[in-house]
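The values are calculated or read from the model by the stated rules, or taken from the named source; none is laboratory data. Worth saying up front: this structure is predicted, and the values here are computed from it rather than measured. Backbone-built Cβ (ideal geometry, glycine too); neighbour counts: all protein chains shown.
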Amino acid sequence: MEDFFSLMKKVFSVITVALVTIFSLNFGRNLNIEKPEGAIVTAAVVSDVHLTNELYRKIGFLPGLLDMQKNIKPDLFICTGDCTDNGNEKNWKAFADMVMKYLPDAEKIITLGNHDTWISYDGDHDYAPAKENFLKYSNMIMGTDNKTVWYTREISGYSFIVMGQEETSVACDISDEQISWLESAMAAAAEKSRGKPIFVINHQPFNFTHIVGDNEHSNGFNSNETVEKIEKILNSYQNVIYFSGHQHYNLVAEASEKSIGFQSVEKIGSNITSVNLPSYEYGSFLTDEWGVLGQGIVMYIYEDRVELQGRNFFLADYVEDFDITINIK
């Protein structure tokens, strides 16, 4: 009897994967999208995929990757952290295998999130092996040889500066060493960019941004002093676009700010445009129920602007009313 149920489980899994694949390939509008004229880079940006080695999690991620592969055809894939639900080797291998299989030609940027620093659900939150797994698999995915969880990548003439937390807490801990590196990295990027936007990526947003009320995600960073230092560095340069995730809120455009209480794109100081990504896997904390699976952003980089289009990669369709232009000064 046990063998029968085991066989039925495998059969059900195969059928489910087939149905999800067919659904992803055929459902939704805007298929076979061409890169807009003048766009230099097309990027598919997601956050909080929370992938595990379990089949149902892979099933949830597969349609999104197929939409990117078939329709968006990104030059660049970005995950702003919590790529895994916990950062053990099996989960990282599952994430790496899927991203590399379905997006072989895209450049990749992989960011460390708080869940990626947790090895298991039973209290094993040792940062050292989690960091080792992150470096091993993020380097494998990106084809890099980074030695730290923070790094810079130059893609199509644009600088992408990636930060990473250095402890296992929910909020982000950044050392003075990393802040010093950030200051130097921003100066080098500004010298190279000559007026181009500089993209800064970190899993957590700045404290009390992109948030409703006071909850465990209100403080993206453990130290307000750290936030002040980072904001001061970034605001010293024009056209800084800061990508984060972590909050698990669906995409919220300006038209919905009054009813929701915040936007997914906010201005911080004079020069930082902060963009907060929804959770691909878990939906939204705005309600007691899970939100919409599969949301992310398609980013088009032009010489004079950056366009952000909300995308439900799972459904292969755009998010209504989320179409934002960031003009370059």
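Quick notes
- Hey, LYS101 over 17 Å from GLN165 (Cα atoms), part of a helix (DSSP H, G or I) and either without any contact (Cβ under 8 Å) to a residue 12 or more places away in the chain or not polar (S, T, N, Q) (or both) or not: yes
- Residues that are of a type outside the set (Phe, Trp, Tyr), at pLDDT 95 or above, in a loop (DSSP other than H, G, I, E, B) and more than 17 Å from GLU107 (Cα to Cα) occur in segment 127-148; there is at least one.
- Reported count of residues in segment 110-166, each being in contact (Cβ under 8 Å) with a residue 40 or more places away in the chain and of a type in the set (Phe, Trp, Tyr), is 6.
- Meets criteria (at pLDDT below 95, among the aliphatic types (A, V, I, L, M) and buried (at least 23 other Cβ atoms within 10 Å of the Cβ)) for VAL252: yes
- Residue list for segment 259-309, filter: hydroxyl-bearing (Ser, Thr, Tyr), at pLDDT below 95 and assigned to a strand (DSSP E or B): SER279
- Condition met for GLY81 (within 18 Å of ARG153 (Cβ to Cβ) and crowded, with 20+ Cβ neighbours inside 10 Å): yes
- Flag for ALA189 being crowded, with 18+ Cβ neighbours inside 10 Å and at pLDDT below 95: no
- The residue that is surrounded by the most Cβ atoms within 10 Å (Cβ to Cβ), among those in segment 119-150 that are more than 24 Å from LYS101 (Cα to Cα) and hydroxyl-bearing (Ser, Thr, Tyr), is TYR127.
- Pick from segment 59-78, criterion among the charged types (D, E, K, R) and either at pLDDT 95 or above or in contact with a helix residue (DSSP H, G or I) (Cβ under 6 Å, 6 or more places away or on another chain) (or both), ranking: surrounded by the most Cβ atoms within 10 Å (Cβ to Cβ): ASP67
The rows are residues; the columns are (1) within 26 Å of PRO205 (Cβ to Cβ); (2) assigned to a loop (DSSP other than H, G, I, E, B); (3) of a type in the set (Phe, Trp, Tyr).
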| site | (1), (2), (3) |
| --- | --- |
| TYR56 | no, no, yes |
| PHE61 | yes, no, yes |
| LEU66 | no, no, no |
| GLY87 | yes, yes, no |
| ASN91 | yes, no, no |
| LEU112 | yes, yes, no |
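- When VAL162 is tested against (1) of a type outside the set (D, E, K, R); (2) at pLDDT below 95; (3) under 17 Å from LEU76 (Cβ atoms), exactly one condition is not met: (2).
- Matching residues in segment 107-145 - criterion: being within 19 Å of ASN88 (Cα to Cα) and among the polar types (S, T, N, Q): THR111, ASN114, THR117, SER120, ASN133, SER138, ASN139
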